[in-house]
Amino acid sequence: MTTQKKQSRGRSILAAASGNVLEWYDFTVYGFMASTIAVLFFPSEDKVASLLSAFAVLAVGYAARPVGSLLFGHIGDRFGRKPVLIASVMTMGLGSVAIAALPTYDQIGITAAVLLVLIRIAQGISVAGEYTTSGVLIVEQAPANRRALTGSWIAFAMMWGCVLGSAVPTLISNLLTDEQMHSWGWRIPFVIGGLIAFLSTVLRRHLTEAAPKVQEWELGSPVLHTLKRFPGLIFEMMVLVIPVSVIYFVIFVYAVTYIGSEPGFTSAEALDITTANLVIMALFVPVCGYIADKVGLRAALMCAAISAIVLALPCWWLMLSNKLELVFIGQLGLTLASTAGWALSITALTQMAPQHLRCSTVAIGYNICLAVFGGTTPFVATYLVQETGDTFAPAFYIVLVSTLSAIVIWRIPKHIARAGPMSVEPE
């Protein structure tokens, strides 16, 4: 490979990955600020009801993803990956700024909650093409022996978005009083989200890619063609990604709020250990990509699924302890168990998808999963614990979805054999 090609590929990876920093920064910030947002936009005498309302808005944003996957999947397969990546990051950034400027319930009543929901829906639609399209673009351009490592940089960027989404609220909450945080401090993280979007847009202006090839659906929609021809594949993609989304939202969103509300722990302490584990996760993502290129995608992903099944209950037991160091160890165990899934899922999905329908297939499968099992997880975990009285309910949820995912992981080589080769080099 020439030096010029290496530099071009490096710039493509940086530009494509940058938007994922924003996507996961924004959604992590919202999750970590859920308790504050609940009070400001959904005031209620019942704190659990307020928190459920805030988590429901998080779920609504994810529920909008399938709509975005249809829109951006069509654009990505018909007109190219670059238009999707620019449009998605700009819309996401504008949404962050809009939330930062949004009046609260005390100022404009129920209209504040309605506007918040509408903004989250718009953001959910916009990010539907972000993670998947950026991953498809760089995996397609990667050498055959480095696809897992190349795809892992998308997850690496995503994790640093999560780190920022955890670290920024942590820093602000440590610098400000509770009164200042509820008054205006909660807006700062969303303003920063707007700045990240601007930087990513600048980087993406110079993305290069191969021109889309006209296929048999030339006069129709690639999305409709995907839904008609590959519903089974879409379903299996969903099942493959379920543990990735569920484990993340259980240990990094639901658990932060739960632990921070328990006697003996503060919200700042809960955010501190979460930020530390996110940093560890981010550092191990490219390591998982490197290993997968050596041992194979299926072996690496299967190891991750089995680890999640085995570690879910003991790690959750540690997270429910009254000692901060044990909580950290428990969260670390589940963090490491889910790292390979995040690192390798975009490469696996891209290689499973038909060559001429990659954006549509990957976007639909991934985003339906995130809509059904991702954004709803904090709500489901809260509800299950509330209704059953069993604090281990979230851990059993992790065991269930990881077991289902292992079945699909076993079939990965068959999917890749049918999918065909990657696309040509960018022009």
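The values are calculated or read from the model by the stated rules, or taken from the named source; none is laboratory data. Everything quoted here is computed from the prediction, not taken from an experiment. FYI the Cβ positions are ideal-geometry reconstructions off the backbone, even for glycines, and counts take in every protein chain you see. Areas reflect the complete protein model, heavy atoms only, side chains present, ligands, DNA and RNA absent. Shrake-Rupley method; radii C 1.70, N 1.55, O 1.52, S 1.80 Å.
Structure summary
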| item | result |
| --- | --- |
| Residue selected from the stretch 196-222 under the condition surrounded by 15 or more Cβ atoms within 10 Å (Cβ to Cβ) and part of a loop (DSSP other than H, G, I, E, B), by the criterion modelled with the lowest pLDDT | W217 |
| Residue list for the stretch 154-174, filter: in contact with a Pro (Cβ under 7 Å, 6 or more places away or on another chain) and closer than 21 Å to V89 by Cβ | F156, V168 |
| Sole residue being part of a helix (DSSP H, G or I) and surrounded by 22 or more Cβ atoms within 10 Å (Cβ to Cβ), chosen from A148, A122, A98, A113 | A148 |
| Filter result (assigned to a helix (DSSP H, G or I) and modelled with pLDDT under 65) within the stretch 1-47 | T3, Q4, K5, K6, Q7, S8, K47 |
| Any chance L118 is at negative phi, touching a residue at least 12 places away in the same chain (Cβ under 8 Å) and of a type outside the set (S, T, N, Q) | no |
| Check on W160, within 18 Å of the chain's Cα centre (by Cα), of a type in the set (A, V, I, L, M, F, W, C), open to solvent by 10 Å² or more (accessible area, probe 1.4 Å) and modelled with pLDDT of 90 or more | no |
| Lone unmet requirement of (1) within 19 Å of the chain's Cα centre (by Cα); (2) at pLDDT 85 or above for A371 | (2) |
| Answer residue from the stretch 400-427, given it is among the β-branched types (V, I, T) and buried (at least 18 other Cβ atoms within 10 Å of the Cβ) and is modelled with the lowest pLDDT among those | I412 |
| Scope the stretch 72-105; condition more than 19 Å from the chain's Cα centre (by Cα), hydrophobic (A, V, I, L, M, F, W, C) and under 16 Å from R358 (Cβ atoms); matching residues | I75, F79 |
| Total residues in the stretch 75-95, condition at pLDDT below 85, assigned to a helix (DSSP H, G or I) and open to solvent by 50 Å² or more (accessible area, probe 1.4 Å) | 3 |
| The stretch 171-195, residues that are at pLDDT 80 or above and over 21 Å from I119 (Cβ atoms) | L171, S173, N174, L175, L176, T177, E179, Q180 |
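A quick yes/no check of all residues on (1) modelled with pLDDT under 90; (2) surrounded by fewer than 24 Cβ atoms within 10 Å (Cβ to Cβ):
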| residue | (1), (2) |
| --- | --- |
| G232 | no, yes |
| E236 | no, yes |
| L240 | no, no |
| F252 | yes, no |
| S267 | yes, yes |
| Y290 | no, yes |
| L301 | no, no |
| A312 | no, no |
| W316 | no, no |
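For every residue, the table says whether it meets (1) closer than 23 Å to F27 by Cβ; (2) touching a Leu at 6+ places or on another chain (Cβ under 8 Å); (3) of a type outside the set (F, W, Y).
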position	(1), (2), (3)
C288	yes, yes, yes
A292	no, yes, yes
L297	no, yes, yes
V310	no, no, yes
T335	yes, yes, yes
S345	yes, yes, yes
Q355	no, no, yes
C359	yes, no, yes
I364	yes, yes, yes
